[in-house]
Structures are given as structure tokens and as C-alpha cells.
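Novice: The structure under discussion is supplied below as C-alpha cells; questions concerning it will follow.
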Amino acid sequence: MISEDAMSATSTESRQAASPPRVVAISGIVFSALYIASLVLLRLAVPANPTEPGVWLADPTLRDGVRIALDLTPFTGIAFLWFMAVLRNRIGLLEDRFFATVFLGSGLLFVAMLFAAVAVALGLLNAFGTGTALPGESDAYRVGRGMAYALMNPFGMRMAAVFMFVTSSIGLRTGVLSRWVSFVGFALGLVLLLIITDFAWIALLFPGWVLLVSTWILIVDFRQARQQSYAR
């Protein structure tokens, strides 16, 4: 028999209001804007090759751009966590436990790797960004540079690809996302999973997809609100 506590928890969950679509959309748009800005600043300043000798550290303008990008990252992570939370709340009781576990795990791992990579990069910037000599001969620089690259590119972006896969699957199963948006997520996730190490700018696919999902949710919400206003 179902206990009273379980029944109470179930009834509480069923009464819980889903997040408004605009909250999901706005949080996704904020994350996308911050993450795209950070990636563009980093890619313009720092070469994608992790074995580069650190020429960017000798240029004050490039260092300032990198520091701005790194300072934006905590807010980027917070916006992504908020996007995850409100999207999961929007799905509500329709979610499958298996997909929900992968959804949470991949999203949290992505944020953790993002923060770890930024912490390593900030340490390199503080340690080697005060002089004019190239740090390429330093073992500490090579280790730190390679670690930041590995955390964000092969591992972090593949977690982002898994997040895209599972979110698209959940959206397709529950009807939260349209079929074409879900299929775009599958395609872009596959590209990220297979090609991320060959082309640095391809990392922009992830925030671009989140922006697509958020924009679609926002447009659908406006259409439904307009239809309801006409019905009255």
C-alpha cells in the first residue's frame, strides 16, 4: 500500500505550478549571451592550440579581454543552472527518471568542468600575466594550459553534447519542444560529440542551440497568449 507520506508528496508535486515559459526562455537567452561573449573574447585572444607558447600573455589588451571573459563565467554558470532548473520544473511530472538523471548529471558536469577550466586559466593569467617574457618554456604553464583545454573542450563540450541529446529526447517525448527543434538538437549534439577537438569555434553550437530553444519557447508563449486574448 502507498503510505500517507508518499501520497502527500505526490499530491504536493501535482499541485506544484510549472515554471512560466518566459522564465525558461529568458534564463536560456541570458546564458547564451554570456557564454557566446566569453567564448568570442577567449577565441580572439587565446589560440586554440594548447601547445602555443603563451604569446597572448605578453599583450595587455589580450590579457584584459581574457580576464573579462573569465569574470563573466560565474554568471554564465549561474544562468545555465537556472535554465536547467526552470526547464525541469516546466517538464514537471512528465519527465522520465532515466532521462532526468542524465539531464541533471550532464548539466552539472558541464558547469563543474567550465568552472574548473576557468579557475586554471585564471591561475595562469595571474601567475604569468605580469611580465613580457613568454611562459612557453615553463612546465607549470604547459600543464595548466593543457588542463584548461582538456577540461573545456574534449570533456566539457562532450557533456554539453550529452545534455543536448537528453534535453531533445525529453522535449520530443513530452511535447515541450517541437519535433524540428529536437531534431536540430540531436544533429548539433552529434557534431559536438565528434568534431569538437578539430575546430575550436564549433563550441558556439551549444549556446546557439540553447538560444534556439529559448527563442522558440518564447515565440510559442507569445502566440498562445495572443490566441487567449483573442478568445476572450
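Please treat every number below as a calculation from the coordinates, not as lab data. Since we're looking at a predicted model, the values are computed, not measured. Cβ coordinates were reconstructed from backbone atoms using ideal geometry, including for glycine residues, and neighbour counts include every protein chain displayed.
Novice: Could you give me D for the range 33-110, from Stokes-Einstein at 10 °C and 1.306 mPa s, where the hydrodynamic radius is the Kirkwood radius over C-alpha pairs? Units µm² s⁻¹, please.
Specialist: Details: Rh = 14.8 Å.
Answer, rounded: 107 µm²/s.
Novice: Further, regarding this structure: Using the Cα centre of the range 49-169 as origin and beta-carbon charges of +1 (Lys, Arg) and -1 (Asp, Glu), tell me which of Met147, Ile91, Val102 is placed farthest towards the positive end of the dipole.
Specialist: Among Met147, Ile91, Val102, the one farthest towards the positive end of the dipole of the range 49-169 is Ile91.
Novice: By how many nm would the segment from Ala85 to Ala225 lengthen if fully extended, with 0.36 nm per residue of separation less the alpha-carbon distance?
Specialist: Between Ala85 and Ala225, full extension yields 48.1 nm more.
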